[in-house]
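Notes to accompany the following structure.
The values are calculated or read from the model by the stated rules, or taken from the named source; none is laboratory data. Here the structure is a predicted model, which is why all the values come from computation and not from measurement. Every residue, glycine among them, receives a Cβ derived from its backbone with ideal geometry; neighbour counts consider all protein chains shown.
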Amino acid sequence: MRLTSLFFFLLPIVLIAQNYDEELDNIVAFESNIASKKIDFKTNLNTANYDLKYHKLEFNLDPSSAYLEGQITSHYVAKEDLNQVVFDLTENMNVSHVYYLYSGALLNFVHTTDDELIIDLPALQNTGVMDSLKVIYSGNPVSSGFGSYEQSDHNGSPIIWTLSEPYGAKGWWPCKQDLNDKIDSIDVFITTPKFNSNNEENIAVSNGLEIIQITSGQYKTTHFKHQYPIPAYLIAISVTNYLTYSHVVDNNGSPFEIVNYVYPENYDNANQSTPITVDIMNLFSGLFEEYPFSNEKYGHAQFGWGGGMEHTTVSFMGGFSRGLIAHELAHQWFGNKVTCGSWKDIWLNEGFATYLSGLVIENFDGFESFTSWKQNRINSITSQPGGSVYIIDNDTTSSRIFNGRLSYSKGAMVAHMLRKELSDAIFFESLQNYLADPDLSYG
């Protein structure tokens, strides 16, 4: 009798741990896969001589086709005297014009086989001076097979979605792929046919607040504004026949919405699964600080791959399990507000997101479940000898950066070790200070 009772007591704990292990394996596999075709790119030193301040991104697309037309306006400050500006853009994209924004003058440019767009300025731009350019381009972005810019369908309805981690942004827009130069603010305008071929309304998604939808004939333009610093890899768009619904986070009397964009065929399942996001949001806000982008929104947008991606203010989701919801939400603090300065420090993103998923188990399921979760992380870490959470220069392959044993599980247990060494009070206070540090936050 006692053994039977013990079995039924332990069974939920084992199942919770097993479910989380499967979810973490899926997250790791997905993020490693999306990076595998893109990780050979290194930060372009030729883009280091200016500081981006603002982007206006205007996209014209139809989710039934991979073809994209874009206009990207960039405001930047020279960090040294400049006679050229360089952006990252894959060579297959066709740049038709580059304009000097203040005068409207056409500028000369060269688009190289090294994926550099080199623009000649009309005059020397002195150090500290702000200037601006507009690049007009088009083409079929080259798919890595795991993101960047994907055109596919779900249940017979077309969809476009993007995923740029770590270096995929240059595949679909001219940008600066540098973790250490976040764009201070962006406006995103997405113009699409109002309806798809099935007469279903196309709904666009991007970072920040949706400001307005404007219909002109058969086309619709949706404007999003994001007013927090953001690196190129966290900027994203998606368009399909989404159904939308929201949850409200009270946020101590300053409420904001969690907006969910889901496929119509998955609405019922998603609507049952996503309300837990409010509870997880409240847990993380209580342990660390207010959600970093509470002046805008948080949200989920369903997309065509397993796993998830923590685009700032709107995570792209392949499903809506509690573990995946927790992991991607955790990144809004650890990864998006504070971003690692190099992919060699990816454990600061992934290790902490993994540990915060464990904190959800500790707080929602109890001590025994959390103990089981920790033991599974230890089993993963010790399944092979050696290995550091920090990545050395000659080992920055996608499989090493997104290594589940080291960047995720060991990173999480390093965080837990610090908690045990410092005490809960000092540990959580230290993380609050880390997130509030003006040299790190939003930088």
Problem - Flag if GLY286 is farther than 26 Å from GLY156 by Cα, without any contact (Cβ under 8 Å) to a residue 12 or more places away in the chain and in a helix (DSSP H, G or I) - result: yes
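Yes/no per residue for (1) at pLDDT below 95; (2) acidic (Asp, Glu); (3) part of a strand (DSSP E or B); (4) out of contact with any helix residue (DSSP H, G or I) (no Cβ under 6 Å at 6 or more places or on another chain):
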{"residue": "PRO166", "(1), (2), (3), (4)": "yes, no, no, no"}
{"residue": "SER197", "(1), (2), (3), (4)": "no, no, no, yes"}
{"residue": "VAL205", "(1), (2), (3), (4)": "no, no, yes, yes"}
{"residue": "ILE212", "(1), (2), (3), (4)": "no, no, yes, yes"}
{"residue": "THR222", "(1), (2), (3), (4)": "no, no, yes, yes"}
{"residue": "SER238", "(1), (2), (3), (4)": "no, no, yes, yes"}
{"residue": "THR244", "(1), (2), (3), (4)": "no, no, yes, yes"}
{"residue": "TYR261", "(1), (2), (3), (4)": "no, no, yes, yes"}
Problem - Sole residue being in contact with a helix residue (DSSP H, G or I) (Cβ under 8 Å, 6 or more places away or on another chain), hydrophobic (A, V, I, L, M, F, W, C) and part of a helix (DSSP H, G or I), chosen from MET417, MET413 - result: MET413
Problem - Some residue of segment 247-255 being among the aliphatic types (A, V, I, L, M), in the same structural domain as TYR390 (by TED's automatic domain parsing) and out of contact with any helix residue (DSSP H, G or I) (no Cβ under 7 Å at 6 or more places or on another chain) - result: yes
Problem - Long-range neighbours under 9 Å by Cβ, at least six apart or interchain, first residue in the same structural domain as ASP184 (by TED's automatic domain parsing) and closer than 14 Å to HIS226 by Cβ within segment 42-59, second assigned to a strand (DSSP E or B) and of a type in the set (Asp, Glu) - result: TYR54/ASP187; HIS55/ASP187; LYS56/ASP187; LEU57/ASP187
Handout entry: Filtered residue count, segment 349-373, keeping only those that are farther than 17 Å from SER407 by Cβ, in a helix (DSSP H, G or I) and not acidic (Asp, Glu)
Key = 11
Completion exercise
Only one of (1) surrounded by fewer than 17 Cβ atoms within 10 Å (Cβ to Cβ); (2) in a strand (DSSP E or B) does not apply to LYS134, and that is (1)
Handout entry: Verdict on ILE230 being at pLDDT 95 or above and either assigned by TED's automatic domain parsing to the domain that holds HIS311 or surrounded by 17 or more Cβ atoms within 10 Å (Cβ to Cβ) (or both)
Key = yes
Exercise for the section: Assess whether GLY299 counts as being without any contact (Cβ under 8 Å) to a residue 12 or more places away in the chain and out of contact with any Gly (no Cβ under 6 Å at 6 or more places or on another chain). Expected result: no
Practice task
May I ask you to list the residues in segment 377-410 that are farther than 14 Å from ILE346 by Cα, assigned to a helix (DSSP H, G or I) and not small (Gly, Ala, Ser)?
Solution key: ARG377, ILE378, ASN379, ILE381, ASN394
Practice task
Restrict the check to segment 191-203 and report whether at least one residue is without any contact (Cβ under 8 Å) to a residue 40 or more places away in the chain and on the phi > 0 side of the Ramachandran plot.
Solution key: yes
